[in-house]
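S.K.: One structure, pasted below without further comment.
Computed from the coordinates by the stated procedures, all read-outs in this text should not be read as laboratory data. This is a predicted model, so every value here is computed, not measured. Neighbour counts are summed over all protein chains in view; Cβ atoms, including those assigned to glycine, are modelled from backbone coordinates with ideal geometry.
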Amino acid sequence: MAGPRRRRGRGGLVVAVCLAAAVAGCGGSAGDGAVPSTARAGASAATDRGGPRPAAVPAAAAALAAPAVLPGPARAEEETSGEAVARRAEATRAALETARRWGLARPPLAAPQPPSARPELRAAQGVKLADGRPPVVYRVPTEERIVFLTVDDGAEKDPEFSRMAAELGIPLSTFVADYLARSDYGYFRRLAAQGDAVNNHTINHRNLKVLDYGTQRDEICRQQDQLEGQIGSRPRLFRPPYGEYNDDTLRAAGSCGVEAVPLWNEEAFPDRMEYRYEDQRLHPGDIVLTHFRGTDLWPGSMPDLLRKVVDEVTAQGFALARLDDYL
Ligand SMILES: [Zn+2]
């Protein structure tokens, strides 16, 4: 099941993340286009493509398959073996190549292992709690240097974007409005199949705040049903269009299975990031908003947008993690 485009979902294995992990192990030397010496050593005996590979680098390693998870002592032995070193060097080389191919300044940093259970949310900056309502979250409480990329609406269905995210090991949480997505739910099914989350952004993308409870419930809960039918799993997360909501919104969302309502602190565009706070920086747990939009509306493509986000996040020393693993 492990292929180069899989990522770690809950309880699953994924490899693209391992690419980034291998690079992170090389420290800052991955920057500025320099190939770390370990990567050069690993690649030196083989031609980059098509040539014979040294026996120490089996084909499976060359394909960047994730190492099997072994019990403690066996794992330690495995990790210090020559084979493991060669495999990590190969993964590092491949990660650099992938980053260069997509025009990144450097490979993305590896996100830490997600928590085995989603942490319980307590009142904190960026978290609004109310009895009997799903929490509203601008920033996930965490000490880790991670942020989360969320992509909204669903108009532009660019296969290059989903391929780039998969190859770089960037996890996405999408919030999809039915009226934009329904022309091709297959695109979002494929995102879900590569480990990305497809969440609820209502049927018609109306400003919920001005609607009565029944209409809000219809907008939210019908999209819960629609996504469950189209994607195969019922969303746990819901984001109100424009970030506009009131207590009826939260009550309606909670009534049809929504567990949390993530908003955002930063918004990303193909040419810039906009920050909510005066320090104009990312903070651990920040949620970044962007949109499925094409060059008709934006000064760049979806791959341009992802390049901007990853370069900015990496330059500030953060990794992109999967929101749905934390909320
Ligand atoms: Zn929207």
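S.K.: Starting from the stretch 219-310, pick out the GluC sites (Glu not before Pro) whose DSSP state is loop and whose Cβ has at most 13 other Cβ atoms within 10 Å.
M.R.: Glu244, Glu278
S.K.: Residue separation times 0.36 nm, minus the C-alpha to C-alpha distance between Tyr275 and Asp218: what's the value?
M.R.: Residue separation times 0.36 nm, minus the Cα-Cα distance, leaves 17.2 nm.
S.K.: What is the extension gain from Lys128 to Glu160, computed as 0.36 nm multiplied by their sequence separation minus the C-alpha to C-alpha distance, in nm to one decimal?
M.R.: The span from Lys128 to Glu160 would gain 7.9 nm if fully extended.
S.K.: Next question. Order by neighbour count: Cys256, Cys221, fewest other Cβ atoms within 10 Å first, most last.
M.R.: Ascending number of Cβ neighbours within 10 Å: Cys256, Cys221.
S.K.: Could you check what % of the DSSP bridge pairs in the stretch 187-307 are antiparallel, to the nearest 5?
M.R.: So the antiparallel bridges in the stretch 187-307 amount to around 50 percent.
S.K.: What Kirkwood hydrodynamic radius, in Å, does the stretch 147-212 give when the mean of 1/r is taken over all pairs of distinct Cα atoms and then inverted?
M.R.: For the stretch 147-212, inverting the mean 1/r across all distinct Cα pairs yields 12.5 Å.
S.K.: Now a separate question. Round to a whole angstrom and tell me the spacing of the C-alpha centers of the stretch 311-326 and the stretch 159-234.
M.R.: 21 Å
S.K.: What Rg and what Dmax come out for the stretch 128-244 when only alpha-carbon atoms are used, in angstroms?
M.R.: 14.8, 44
S.K.: Next question. Please give me, ordered by residue number, the GluC sites (Glu not before Pro) of the stretch 116-147 that lie in loop per DSSP and have at most 15 other Cβ atoms within 10 Å.
M.R.: Sparse-neighbourhood loop GluC sites (Glu not before Pro): Glu120, Glu143.
S.K.: When the dipole is taken about the Cα centre of the stretch 172-301, and only Lys, Arg (+1) and Asp, Glu (-1) are charged at their Cβ, what size is it in debye, to the nearest 20?
M.R.: Roughly 340 debye, rounded to the nearest 20.
S.K.: Let me ask something else about it. For the stretch 174-327, go through all pairs of different Cα atoms, get the mean of 1/r, take its inverse, and jot down that Kirkwood value in Å.
M.R.: Across the stretch 174-327, the inverse of the average 1/r is 16.4 Å.
S.K.: What is the order of Asp296, Asp131, fewest Cβ neighbours within 10 Å to most?
M.R.: Ascending Cβ contact count within 10 Å gives the list Asp131, Asp296.
S.K.: Express in nm, to one decimal, how much length is gained between Ala105 and Tyr179 on full extension, taking 0.36 nm for each residue of separation and deducting their alpha carbon distance.
M.R.: Working it through step by step, the gained length comes to 23.0 nm.
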